[in-house]
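The values are calculated or read from the model by the stated rules, or taken from the named source; none is laboratory data. Worth saying up front: this structure is predicted, and the values here are computed from it rather than measured. As a convention, Cβ positions derive from the backbone with ideal geometry for all residues, glycine included, and neighbour counts pool all protein chains shown.
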Amino acid sequence: MQDLLPEDMLRFRLIEDVFRTCCLNWGYQEVRTPTLEYLHLFTATGTLTPSMLSKVYSFLDWDGWSGERVVLRPDGTIPVARLYIDNLSGQELARLFYVTNIFAFEGTGKENRERWQCGAEFFGGAKLAPDVEIILLAEEVIRRLGISNVGLQLSHAGLVKALLKELKLSPGEEAKMTNRILEGNWQALTKAKSTNPEIERLIAALLGLKGKSSSFLYNVRASFPKASQDFKSSLEDLINVTTLLDNLGCSYKIDITAIHGFEYYTGICFQFLAAGEKIGGGGRYDSLVPFMNGEDIPACGFALYVDPIMKLLPLEKERRGDCGILVKGKELTPEIVKTCFAVAESLRDAGHPAELDFTGRKESNYRWVVLVSGKEPSPFVLTDCIQRRRRDAASIAEILKVVSEG
Amino acid sequence: MRNYQAGYIKLALPKGRFLSPTASLLAEIGLGFQDYSDKTKQYRIRSARFPSLSAKILQEKDISIQVAVGNYDLGICGLDWIEEFLVKYPAGALVKISSLNYGEGSVHVVASAESGIANLNDLSDGRNDYRIVTEYPNLAEAFALNLRMRRFRIFPVWGAAEAYPPENADLAVLWGKSGADIATQGLIPLKRLLPVTAFLIANRESLENKDLSQILTCFAAKLTAEPPTSIENGLDISEELKVSRTLWQAKEINLALPDGHQQAPASQFLKQAGLALQGYSEEVSSRRPSADLDWLGIKVIRPQDMPLQVANSNFDLAITGEDWLLEHLYRFPSSPVKKLFALGFGTVKIVAAVSQEMPVADIDELRSLVQSSKFAPLKVASEYINIADRYLRDNHINPYKLIPTWGASEAFLPEDADMLIDNAQTGKTLKQHKLKIIDVLFRSSACLIANKDSLASPDKKEKMEFLTQKLRAGLL
């Protein structure tokens, strides 16, 4: 758990503003879901893994004698999918975005139990163009935030599922292997013994090689002609997306392990990395809406993780320093206090942030300081803190004129 | 910061099922405690051989928690309660040292023979909302999550989980001697979660920093490799268990009667009221007694569990204690459970008590003492968590920490808690343990409770009134 201090909030709002602007420009609409949701929304197969579910904050509500538990939202996508099913499923397409906090227990003390996400979901968009759309939208947000050296990694949930199927594990073993993989233990896949050496070769190749263009995928297709139909069809899907990205000049790395914690992905998956940390991820999840008893609606989406992104943004210099104005009363007489409030109100009405001070403390980090003495003929002294110049002013109108001219 | 130099080693020993075999084991390995027997009335016992070793006799459910929080360095208790703790708090401070190789039975997931659930696949494939009743809510939740059950609700109970399926629960997670034993209760064992053997456990910090070697050496000959703690595949039921089918039929009105201490006076009361029951006496006791009213279904469960069960419409009426009703209503203020009338037996006082050594005479003086930081936070042991929480808040005791217990809260004072909130009949037990009452919260006796919706239901109203009138007659 952590506090967000004024400087953190400047970064937070910058991320939020850039994200909101980009999403609105791409035709996405903002939604907000409740912090408390029912637990069963997240226990349905194919949503969160048992390991993630063991870390959710769930409890009986004050009217929870029926045993129905509520949960502090542990994920952003599932509640938005519920919102879509409950309210917007009549729409052929729904492009939605949100800024939300999610909660999960974290026992190491290294991370927060409350984390923030900026997410966008595209319901009704069948594969290819919408897949590319969400990748490019996420990339645009990251670019506009000025974060450099960002890596985009691509994978495909269908490829992983096809490989698991080929291992011919028992249903229990397959579920365990899926959990291990989703928790990041990809080595478990190499340790699984297959009766088919071709599969072991394929797994070793996909875990060992990282391609940088669709050519790599063409090579995989050519090297493993005996791979299963499911594998081939997922590979084709990934080839189509990467070819489009190649044509659009978008650089990426193909890394089969670029699937993070969620089991609901069915198609392309991606994640963004910067300074060694994951700063976002997403993918296609065509089964989620039908699984939650909605119609058979394809969907894809992504989330950017606000907490690591905040660390990457350059320390914002005090924004107040650019435009803030301090209105100081020389004395604490009723007349001077009244005049100070009037000056500050006029400045605010003209669009300038204005702060009041009657303590006589030494001012810092302001663009202008207006000292109100109330003595005619120059009841105001205006200081330009950048030019380090002082001048008298006879009226509020004169102050406004000087400040506006900069 | 804990003191590792003092050399005192604290051991938590179990009451109940493991008391006898544990006492024998300790005697055999030269760690015997003279007063560790079924007959003892003490909680604190000292080792004759090791002056630095002291032990306390606790409820098994409390031992894993008490060792984890560091009140005890070592403990002995059943694997079921250890895993119940560890499955929820895997990163906690509890370390399993070794199985002690005695114990009996296993924790099973069971379904009623009437439920139509024959194996685990039926559970993960289905879209039903499964009700799971259990004394092991954490183990039950982990089981449901790992099986990817899409929708489930867990009803923690104080006991008698086997009595709930099929009408009041779809599944139960409970202890059973064997699959065959479970089958005789009309239940199908679907999966064996873990075998219940006694385990030696330790607090991690103690094990890492304190010299416990003298004591551990005594156990050396008994320490063995850990037996499997979970069995991956469902229990092999190819041995064709003979599941005895309980003849169960839905009844119009359902009444819950208490087991335990309340059973004898409740049975007496019902006799007085002229309600003839078969299977609810000291001689013949069944979980499903029958009455001479063909529309009345009766089940015997723990009084602690009744308000929640009545709120869920599993029962229309129940005989429980006013204490447990209040405990429920503090947790669920809008619950549809209503007290109809007190029955005049099983009267106890719910009291706040502290050690006789504590220099306070009432709750106001205690508040001042806590404010002076001498006992901050105040550690309060209680089996009535919601009543205790409300009482402490209403009396502006701040800060405080609640220690949930499963009865016998007096065992916790003064070492592991500063105050208890518990029931007392005469106060004699409290005095014996050098405790004094500083406040009486309220008096509680057995009462008849009802579901408000059942009372208002046109289909049930007449029979509910008939039954309550009949029971009211027992008061005269």
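Suppose we filter segment A:343-383 for residues that are within 21 Å of A:GLY406 (Cβ to Cβ) and assigned to a strand (DSSP E or B); how many remain?
10
Which of the helices (runs of 4 or more DSSP H) contained wholly in segment A:156-208 include at least 3 residues that are within 34 Å of the chain's Cα centre (by Cα), over 16 Å from A:ILE254 (Cβ atoms) and aliphatic (A, V, I, L, M)?
Working: elements: A:157-166, A:171-182, A:187-191, A:197-208.
Passing ranges, in order: A:171-182.
Would you confirm whether or not segment B:58-65 contains a residue that is within 22 Å of the chain's Cα centre (by Cα) and within 14 Å of another protein chain (Cβ to nearest Cβ)? Give the derivation first.
First, pick out the residues of segment B:58-65 that are within 22 Å of the chain's Cα centre (by Cα): B:58-65.
Within this subset, residues satisfying the condition of being within 14 Å of another protein chain (Cβ to nearest Cβ) are none.
No, that holds for no residue.
Let's see how each residue does on (1) among the hydroxyl-bearing types (Ser, Thr, Tyr); (2) in contact with a strand residue (DSSP E or B) (Cβ under 8 Å, 6 or more places away or on another chain); (3) closer than 25 Å to A:LEU93 by Cα:
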| position | (1), (2), (3) |
| --- | --- |
| A:ASP237 | no, yes, yes |
| A:CYS250 | no, yes, no |
| A:HIS260 | no, yes, no |
| A:TYR265 | yes, yes, yes |
| A:PRO290 | no, no, yes |
| A:PRO298 | no, yes, yes |
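With respect to B:SER368, determine if the residue is under 23 Å from B:ARG390 (Cβ atoms) and free of Cβ contacts under 8 Å to residues at least 24 places away in the same chain. Break it down stepwise before answering.
Numbers: under 23 Å from B:ARG390 (Cβ atoms): yes; free of Cβ contacts under 8 Å to residues at least 24 places away in the same chain: yes.
Taking the combined requirement at face value, the residue satisfies it.
What's the total number of residues in segment A:384-406 that are in contact with a strand residue (DSSP E or B) (Cβ under 9 Å, 6 or more places away or on another chain) and more than 20 Å from A:GLY351 (Cβ to Cβ)?
5
Could you tell me which residue of segment B:333-348 is surrounded by the fewest Cβ atoms within 10 Å (Cβ to Cβ), considering only residues that are touching a residue at least 24 places away in the same chain (Cβ under 8 Å) and within 13 Å of chain A (Cβ to nearest Cβ)?
Step one: filter segment B:333-348 for residues touching a residue at least 24 places away in the same chain (Cβ under 8 Å), giving B:335-348.
When the remaining residues are screened for being within 13 Å of chain A (Cβ to nearest Cβ), the result is B:335-337.
Values: B:SER335: 23, B:PRO336: 18, B:VAL337: 22.
Filtering segment B:333-348 for residues that are touching a residue at least 24 places away in the same chain (Cβ under 8 Å) and within 13 Å of chain A (Cβ to nearest Cβ), the one surrounded by the fewest Cβ atoms within 10 Å (Cβ to Cβ) comes out as B:PRO336.
Which residues, taken from segment B:144-169, are over 21 Å from the mean Cα position of the chain (by Cα), over 18 Å from A:THR43 (Cα atoms) and within 14 Å of another protein chain (Cβ to nearest Cβ)?
None - no residue of segment B:144-169 is over 21 Å from the mean Cα position of the chain (by Cα), over 18 Å from A:THR43 (Cα atoms) and within 14 Å of another protein chain (Cβ to nearest Cβ), so the list stays empty.
Report yes if A:ASN25 is under 21 Å from the mean Cα position of the chain (by Cα), modelled with pLDDT of 90 or more and surrounded by fewer than 17 Cβ atoms within 10 Å (Cβ to Cβ), otherwise no. Write out each step before concluding.
Details: under 21 Å from the mean Cα position of the chain (by Cα): yes; modelled with pLDDT of 90 or more: yes; surrounded by fewer than 17 Cβ atoms within 10 Å (Cβ to Cβ): yes.
The answer is yes for A:ASN25.
Okay, residues lined up against (1) of a type in the set (Phe, Trp, Tyr); (2) under 11 Å from the mean Cα position of the chain (by Cα); (3) more than 25 Å from A:ASP17 (Cβ to Cβ); (4) part of a loop (DSSP other than H, G, I, E, B):
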{"site": "A:LYS110", "(1), (2), (3), (4)": "no, no, yes, yes"}
{"site": "A:GLN117", "(1), (2), (3), (4)": "no, yes, no, no"}
{"site": "A:GLU121", "(1), (2), (3), (4)": "no, no, no, no"}
{"site": "A:ILE134", "(1), (2), (3), (4)": "no, no, no, no"}
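Under the condition of being of a type in the set (S, T, N, Q) and closer than 30 Å to B:LYS222 by Cβ, which residue from segment B:94-129 is nearest to the chain's Cα centre (by Cα)?
Quick first cut of segment B:94-129, residues of a type in the set (S, T, N, Q) only: B:98-99, B:101, B:106, B:112, B:115, B:119, B:121, B:124, B:128.
After this cut, where a residue has to be closer than 30 Å to B:LYS222 by Cβ as well, the list is B:98-99, B:101, B:106.
On the way: B:SER98: 25, B:SER99: 23, B:ASN101: 24, B:SER106: 18 Å.
Applying the filter and picking the extreme gives B:SER106.
In segment A:66-81, which residues are within 14 Å of chain B (Cβ to nearest Cβ) and over 22 Å from B:GLU84 (Cα atoms)? It would help to see each step written out before you state the result.
Quick first cut of segment A:66-81, residues within 14 Å of chain B (Cβ to nearest Cβ) only: A:66-71, A:74, A:78.
Matches in segment A:66-81: A:SER66, A:PRO74, A:ILE78.
Within segment B:48-89, how many residues turn out to be over 19 Å from B:GLY16 (Cα atoms) and small (Gly, Ala, Ser)?
Within segment B:48-89, residues that are over 19 Å from B:GLY16 (Cα atoms) and small (Gly, Ala, Ser) number 5.
Within segment A:207-253, work out how many residues are loosely packed, with under 13 Cβ neighbours inside 10 Å, closer than 12 Å to A:LEU154 by Cβ and basic (Lys, Arg).
Total meeting the criteria: 1.
Only one residue in B:ILE397, B:ILE403 is surrounded by 13 or more Cβ atoms within 10 Å (Cβ to Cβ), aliphatic (A, V, I, L, M), assigned to a strand (DSSP E or B) and at pLDDT below 95. Which one?
On the way: B:ILE397 fails: assigned to a strand (DSSP E or B).
It is B:ILE403.
In this structure, does A:ILE309 turn out to be part of a loop (DSSP other than H, G, I, E, B) and within 30 Å of A:PHE272 (Cβ to Cβ)?
Details: part of a loop (DSSP other than H, G, I, E, B): no; within 30 Å of A:PHE272 (Cβ to Cβ): yes.
Considered against the rule, which asks whether it is part of a loop (DSSP other than H, G, I, E, B) and within 30 Å of A:PHE272 (Cβ to Cβ), A:ILE309 comes out as no.
Do you know which residues across segment B:342-393 are among the charged types (D, E, K, R) and under 20 Å from the mean Cα position of the chain (by Cα)? Working first, answer last.
Filtering segment B:342-393 for residues among the charged types (D, E, K, R) gives B:349, B:357, B:362, B:364-365, B:367, B:374, B:379, B:383, B:389-390, B:393.
Within segment B:342-393, B:GLU383, B:ASP389 qualify.
In segment B:311-326, which residues are surrounded by 23 or more Cβ atoms within 10 Å (Cβ to Cβ) and more than 9 Å from chain A (Cβ to nearest Cβ)? Before you say what the answer is, go through the steps one by one.
Kept after step one, since they are surrounded by 23 or more Cβ atoms within 10 Å (Cβ to Cβ), are these residues of segment B:311-326: B:311, B:314-321, B:323-324.
The answer is B:ASN314, B:PHE315, B:ASP316, B:LEU317, B:ALA318, B:ILE319, B:THR320, B:GLY321, B:ASP323, B:TRP324.
Quick one: what pairs do we get from segment B:280-300, first residue in the same structural domain as B:VAL310 (by TED's automatic domain parsing) and under 26 Å from B:GLU462 (Cα atoms), second hydroxyl-bearing (Ser, Thr, Tyr) and surrounded by 15 or more Cβ atoms within 10 Å (Cβ to Cβ), C-beta under 6 Å, 6+ apart or different chains?
If the second residue must be hydroxyl-bearing (Ser, Thr, Tyr) and surrounded by 15 or more Cβ atoms within 10 Å (Cβ to Cβ), the pairs left are B:TYR280/B:SER267; B:PRO289/B:TYR280.
Filter segment B:437-474 down to residues that are more than 21 Å from B:HIS328 (Cα to Cα), in contact with a Gly (Cβ under 9 Å, 6 or more places away or on another chain) and surrounded by 14 or more Cβ atoms within 10 Å (Cβ to Cβ), then give me how many there are.
3
Scan segment B:29-46 residue by residue and report those that are more than 18 Å from B:GLY75 (Cβ to Cβ) and either touching a residue at least 12 places away in the same chain (Cβ under 8 Å) or of a type in the set (Ser, Thr, Tyr) (or both).
If the condition is that a residue be more than 18 Å from B:GLY75 (Cβ to Cβ) and either touching a residue at least 12 places away in the same chain (Cβ under 8 Å) or of a type in the set (Ser, Thr, Tyr) (or both), then B:GLY30, B:GLN34, B:SER37, B:ASP38, B:LYS41 are the ones that fit.
Please specify each residue of segment A:152-174 satisfying the condition of being of a type in the set (Gly, Ala, Ser) and crowded, with 17+ Cβ neighbours inside 10 Å. Quick ask: steps written out before the conclusion?
At the first step, the residues of segment A:152-174 found to be of a type in the set (Gly, Ala, Ser) are A:155, A:157-158, A:162, A:170, A:172.
Listed by number, the residues that qualify are A:SER155, A:ALA157, A:GLY158, A:ALA162.
Given the conditions (1) under 30 Å from B:ALA140 (Cβ atoms); (2) assigned to a loop (DSSP other than H, G, I, E, B), and given that B:GLY75 satisfies all but one, which numbered condition is not satisfied?
It fails just one condition, (2).
Quick one: how many residues across segment A:45-65 are at the interface with another protein chain (Cβ under 7 Å from one of its Cβ atoms) and either surrounded by 18 or more Cβ atoms within 10 Å (Cβ to Cβ) or under 21 Å from B:ASN146 (Cβ atoms) (or both)?
The qualifying residues number 5.
Identify the residue in segment B:79-135 that is within 14 Å of another protein chain (Cβ to nearest Cβ) and small (Gly, Ala, Ser) and, among all such residues, is farthest from B:LEU187 (Cα to Cα).
Of everything passing the filter in segment B:79-135, B:ALA93 is farthest from B:LEU187 (Cα to Cα).
Check segment A:68-77 and report whether any residue there is modelled with pLDDT of 90 or more and surrounded by fewer than 16 Cβ atoms within 10 Å (Cβ to Cβ). Reasoning before the result, please.
We begin by selecting, within segment A:68-77, every residue modelled with pLDDT of 90 or more; these are A:69-77.
Keeping just the survivors that are surrounded by fewer than 16 Cβ atoms within 10 Å (Cβ to Cβ) gives none.
No, segment A:68-77 contains no residue that is modelled with pLDDT of 90 or more and surrounded by fewer than 16 Cβ atoms within 10 Å (Cβ to Cβ).
State all residues of segment B:462-476 that are touching a Phe, Trp or Tyr at 6+ places or on another chain (Cβ under 8 Å), more than 14 Å from B:LEU255 (Cβ to Cβ) and at pLDDT 90 or above; if no residue qualifies, say none.
Residue satisfying the conditions is B:ARG472 alone.
List pairs: first in segment A:226-252 and under 13 Å from A:SER214 (Cα atoms) and in the same structural domain as A:ARG143 (by TED's automatic domain parsing), second modelled with pLDDT of 95 or more and part of a helix (DSSP H, G or I), Cβ under 6 Å, 6+ apart or cross-chain?
Filtered contacts from segment A:226-252: A:VAL241/A:ASP131; A:LEU244/A:VAL132.
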